[in-house]
1. Looking at the stretch A:52-97 only, could you name the residues that are open to solvent by less than 60 Å² (accessible area, probe 1.4 Å) and in contact with a Ser or Thr (Cβ under 8 Å, 6 or more places away or on another chain)?
2. Does the stretch B:123-137 contain at least one residue that is open to solvent by less than 60 Å² (accessible area, probe 1.4 Å), out of contact with any Gly (no Cβ under 8 Å at 6 or more places or on another chain), of a type outside the set (V, I, T) and closer than 29 Å to A:L514 by Cβ?
3. How about the stretch A:454-512: which of its residues are under 30 Å from B:E79 (Cβ atoms) and of a type in the set (K, R)?
4. Every residue in the stretch A:1-53 that is aromatic (F, W, Y) and touching a residue at least 12 places away in the same chain (Cβ under 8 Å), please.
5. Quick one: count up the residues across the stretch B:82-116 that are under 20 Å from B:L60 (Cβ atoms) and in contact with a helix residue (DSSP H, G or I) (Cβ under 6 Å, 6 or more places away or on another chain).
6. Going by the structure shown, is B:I61 away from every other protein chain (no Cβ under 13 Å), part of a strand (DSSP E or B) and either in contact (Cβ under 8 Å) with a residue 24 or more places away in the chain or open to solvent by 10 Å² or more (accessible area, probe 1.4 Å) (or both)?
7. Can you confirm whether the stretch B:98-118 contains a residue that is within 14 Å of chain A (Cβ to nearest Cβ) and open to solvent by less than 30 Å² (accessible area, probe 1.4 Å)?
8. Considering only residues of the stretch A:135-153 that are within 39 Å of the chain's Cα centre (by Cα) and among the β-branched types (V, I, T), which is nearest to A:F102 (Cα to Cα)?
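The values are calculated or read from the model by the stated rules, or taken from the named source; none is laboratory data. Remember, it's a predicted structure, so these values are computed and weren't measured experimentally. Reconstructed Cβ throughout: ideal geometry from the backbone, glycine too, with neighbour counts over all protein chains shown. Heavy atoms of the whole protein, side chains included, go into the accessibility calculation; ligands, DNA and RNA do not. Shrake-Rupley method; radii C 1.70, N 1.55, O 1.52, S 1.80 Å.
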Amino acid sequence: MTTMKPDIRKGKSFNPVWIIPILAVLLGGYMVVHTWLMEGPEITVAFDTAEGLTAGKTKVKYRNVDMGLVDKVVLTDDFQGVIAKIKLEPQARSMLSEDTRFWLVTARLGMGNISGLDTLLSGAYLQLAPGTGKLGKRAYVALETPPLTPTGAPGLRLQLYSDDAGSVSTGDSIVYRGYKVGRVESTRFDSDRRQVNYNIFIDAPFHEFIDSSVRFYNISGISVNAGAEGLEISTGSMDTVLFGGVTFGTPPGIPSGGPVEKNTEFKLYVSKEEAEDNPFVHRLPLVVRFNQSIKGLKPGAPVEYRGITIGRVERLMIRELAAFGLMMETKGTADSIPVLIHIEPARIELSDTAASVESFRNTLKAGVKNGVRATLETGNLLTGAKYVYIDFFADVPEASVGSFGDYMTIPTIAGGFDQTLVKVNTLLDKFNALPLDDTVGNTNAAIAELDKTLAGLRVMLEDSSTKALPGELKSTLRDLQATLDGFSPGSPMYQSLDNTLQELNRTMSNVESLTRTLSSQPNAVIMPSTLPTDPIPEAKR
Amino acid sequence: MKPTVLLLTLLVAGCSHTPVETQFYLLRQQAAIESREMKPSPDFSLGDVSIASYIDQPGLILEVSPGQVRPARHHEWAEPMHRSVRIFLQREISIEFEADLFSSRFSPASTVVEIRVDQLHGTSSGEAILTAHWWTIHKGELKSSYQYTSTEPLEQDGYAALAKAEAVLLSGLAASIANTLKALR
């Protein structure tokens, strides 16, 4: 009996029947990937309202090229807005970064321009502005208005803030020396700071003009300023006059500052004067107390020293006057009106430091002992505006600096019209004190003496020898004339002199000729001349 | 002894030469001058008459090449040119103008004629050339000014012909001035 052994063979590891499903899977995968790649991304863009949006009709454009279509428009879950679902072209995938922006383009009528007129016929469309940030974002919020600056534009974005919106609004120009260098991109009210915030953009390369010393100020409209320094009218360009605008510059005397980062905050001043008015950081506050009318003295009026503006009037201290005046009433000082001024040592080329302020304070203390006083002067006769004038005055009572609250005070004297009145009164007093009777008596005596002198002069003039003087003078002049006639042209003396000069000229000419000959032939005196003979003029043949 | 005499003889012979005789020319008008009473012009008088410096020298001037002149050494004017040119023009103008042009120093005439001769010399092309400017001044103000230029071919070779041609040119200038003064009168 034979034992049968099974013939064990290794089966086939791959059955060809599986080829079909694998191919189907690969083909399916390829189709999925292909479809995904060809489909393009789907995104959502949120709007406040669906006005202008139509599913299946509103297009998405970039540089006027169709980049997609609004597929569906639905309300948000809280019904506070709408969401447009958009299918974009595959090419748009690389445009969808975190700072990509969308906005609806419709016909708009603004203060300075009209845009989107073509949408009246073609219908509104969504404008896409590619960003430069991280890719992959799919949900966006549409801008309410078109951005004024393209994404990625070179330049510098800054923040301005002011206490009042004034006439500056979105879209207004930022000009530098009359040239447009940027624009106000947006305006909002910062409720935390209770200030108006402006987002501005300075185009390259003008952003290089911005440094930490720069001050921005409003140049909208026409500014008319009548102050102690006269009447001043200033305007910007017609564009800024009509639509508003902002400009910037470095106040005079201020050195250039350092570079600024983007979104740095600057204060927006109301006017150029305000921007340049307080360019210095360190100030010396002082109180000056006037015993005269301060009508016409307003905050901001200049404080001058011999014509140089060294500070400004801060405010009239009416509130302090009420309290302080009541307390000091018994000392008789309640009637003086305290005015708070500040002096900026940097205005007189001192450094803008606290040390300069202290140095100036000490100088002022010493100066007051030597006659430094403050007075009120009229700066503008037309408007009656006044300013504070500080100078050395002679013949003033001795005084020293005092204090008013926390401030140092310097003594004042009457000035302006009041001082003129004092001088007129003094003059009248002196006039009254004149010994007029004695003077008139002396004058009469002097006139009598003058009469005597004139009588003596008359006798002298009527004397025969005096009368003969003109005749003698005339004779002398006649002789002088005759003498001069002897030298006049045509006279014998003149002719003789003329002939002598002619002879001298001829002699000099001969000497010149001899000199010329000797220079060309030094031995011509003793040797025969070898000079060339004169060329003979030849007549035409 | 003989060599010394021979040397002295040679020296004397070497030093001796025949001097060239200098010819002098007088600048005067050709017309005969008759005796008459002079009639001063009531309108015009003669002021300054100036000549270019290169003319105001004894020798007659000959242009030997363009821009190069040579004053003759042996052919000279008989009197200084600044004097003779003035006398010549004064007399020639007076003849043509039919009234005597007195010097402005002695004349009460209100208009003064002043003349400047810029060029007066012989050219290498056988001509004499004259360029002059003249103007009238009325009570200290320049009223009119003129320019005159002319050439005159030499009749024959030599400086005598050149002096004669220059005199003809000055006569032409005088005639031009006189004709203009007649028109202004």
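1. A:G52, A:V70, A:V73, A:G81, A:V82, A:I83, A:A84, A:I86, A:S97
2. No, the stretch B:123-137 has no match at all.
3. The one that is under 30 Å from B:E79 (Cβ atoms) and of a type in the set (K, R): A:R506.
4. Within the stretch A:1-53, the subset aromatic (F, W, Y) is A:14, A:18, A:30, A:36, A:47.
Of everything in the stretch A:1-53, just one residue is aromatic (F, W, Y) and touching a residue at least 12 places away in the same chain (Cβ under 8 Å), namely A:F47.
5. Residues flagged as under 20 Å from B:L60 (Cβ atoms) and in contact with a helix residue (DSSP H, G or I) (Cβ under 6 Å, 6 or more places away or on another chain) within the stretch B:82-116 amount to 3.
6. Values: away from every other protein chain (no Cβ under 13 Å): no; part of a strand (DSSP E or B): yes; either in contact (Cβ under 8 Å) with a residue 24 or more places away in the chain or open to solvent by 10 Å² or more (accessible area, probe 1.4 Å) (or both): yes.
The answer is no for B:I61.
7. Step one: filter the stretch B:98-118 for residues within 14 Å of chain A (Cβ to nearest Cβ), giving B:102-107.
Of the ones still in play, those that are also open to solvent by less than 30 Å² (accessible area, probe 1.4 Å) are B:103, B:107.
Yes.
8. In this case the residue turns out to be A:T145.
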